[in-house]
Amino acid sequence: MKKRKLKNWVVPALYVFSITIIFVSVVLIGRVMSVNYEKAADNNYVPDSIVQDNEAPVVEVTNDKIAYPYTMEGVEVAKNFYDSKASEEEQVKSLIFYKNTYMENTGVLYTKGDSSFEVVSVLDGNVTSITKDEILGNVVEVTHSTELITIYHCLGEVNVKVGDSIKQNDVIGKSGKVNVDSGYENAMLFEVNYQGKILNPNEFYKMNVKDLIK
């Protein structure tokens, strides 16, 4: 086979071409990284692949009074809110026992014996979260303002979805099983979060709606 010798200008030309390709690639990569960095620096930036439109619309609370989280007759308090100012006897009754541990009850646990009951929203609001807990079953959060959220634990059945706008006394779901103390087959734990703190539901029911919703 006859050997051919490259002309003198070919090697320098290939060298210059390679350097040019590398330079252009570096510039393009730098621009892409710069754009992504600017997006990441923005707190509102979310990758397009995982964007979800779960933002609930703003609902104006028009209620005059706060309702109880149930409307059916026969619903009773199984465990009251643990109040640090209550008597020692009342505090003991408000403790929840689970796996050899006593815990302070952060809400009011309602039950209706062997019968399930419908759980309703205490005020107008938006359903902003639905989760499932190993101990407390289905948990639904309803946001009423930037400072007020009500939480409905232990639901055996959920009739709403995230993003729903609901009115006072609209059915959220039904009571369910609670695996604390000796167990409750049909119960619901109601909690109130106001200004980032847990509020005693018994005090909450007595409060003025206008003072809560600002």
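VAL122 - would you say it is in a loop (DSSP other than H, G, I, E, B), in the same structural domain as PHE190 (by TED's automatic domain parsing), under 26 Å from the mean Cα position of the chain (by Cα) and not acidic (Asp, Glu)? Against the criterion (in a loop (DSSP other than H, G, I, E, B), in the same structural domain as PHE190 (by TED's automatic domain parsing), under 26 Å from the mean Cα position of the chain (by Cα) and not acidic (Asp, Glu)), VAL122 qualifies.
Of the listed requirements (1) surrounded by fewer than 18 Cβ atoms within 10 Å (Cβ to Cβ); (2) under 18 Å from the mean Cα position of the chain (by Cα), TYR205 misses just one: (2). On the stretch given as region 108-131, residues that are among the small types (Gly, Ala, Ser) and either surrounded by 21 or more Cβ atoms within 10 Å (Cβ to Cβ) or in contact with a Ser or Thr (Cβ under 7 Å, 6 or more places away or on another chain) (or both) total 3.
In region 158-214, of all residues being touching a Phe, Trp or Tyr at 6+ places or on another chain (Cβ under 7 Å) and β-branched (Val, Ile, Thr), the one that is farthest from VAL142 (Cα to Cα) corresponds to VAL180.
Taken over region 88-98, the residue count meeting the criterion of being part of a helix (DSSP H, G or I) and aliphatic (A, V, I, L, M) is 1.
Yes or no, residue by residue, for (1) at pLDDT 95 or above; (2) in contact with an Asp or Glu (Cβ under 9 Å, 6 or more places away or on another chain); (3) within 17 Å of PRO201 (Cβ to Cβ):
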residue	(1), (2), (3)
ASP124	yes, yes, no
LYS132	no, no, no
LEU136	no, no, yes
ILE151	yes, yes, yes
LEU155	yes, no, yes
LYS161	yes, no, no
ILE166	yes, yes, no
ILE172	yes, yes, yes
GLY176	no, yes, no
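If I filter region 99-112 for residues that are part of a strand (DSSP E or B), within 22 Å of the chain's Cα centre (by Cα) and among the small types (Gly, Ala, Ser), do I get at least one hit? Looking for residues that are part of a strand (DSSP E or B), within 22 Å of the chain's Cα centre (by Cα) and among the small types (Gly, Ala, Ser), one finds none in region 99-112, hence no.
Quick check: is even one residue across region 132-154 of a type in the set (D, E, K, R), under 17 Å from VAL77 (Cβ atoms) and loosely packed, with under 15 Cβ neighbours inside 10 Å?
Scanning region 132-154, I find no residue that is of a type in the set (D, E, K, R), under 17 Å from VAL77 (Cβ atoms) and loosely packed, with under 15 Cβ neighbours inside 10 Å, so the answer is no.
Only one of the numbered conditions (1) under 19 Å from the mean Cα position of the chain (by Cα); (2) in contact (Cβ under 8 Å) with a residue 60 or more places away in the chain; (3) surrounded by 15 or more Cβ atoms within 10 Å (Cβ to Cβ) is violated by VAL180, and that is (1).
The values are calculated or read from the model by the stated rules, or taken from the named source; none is laboratory data. These figures come from a predicted structure and were not determined experimentally. Because the Cβ atoms are built from the backbone with ideal geometry, glycine has one as well, and the counts that use them run over all protein chains shown.
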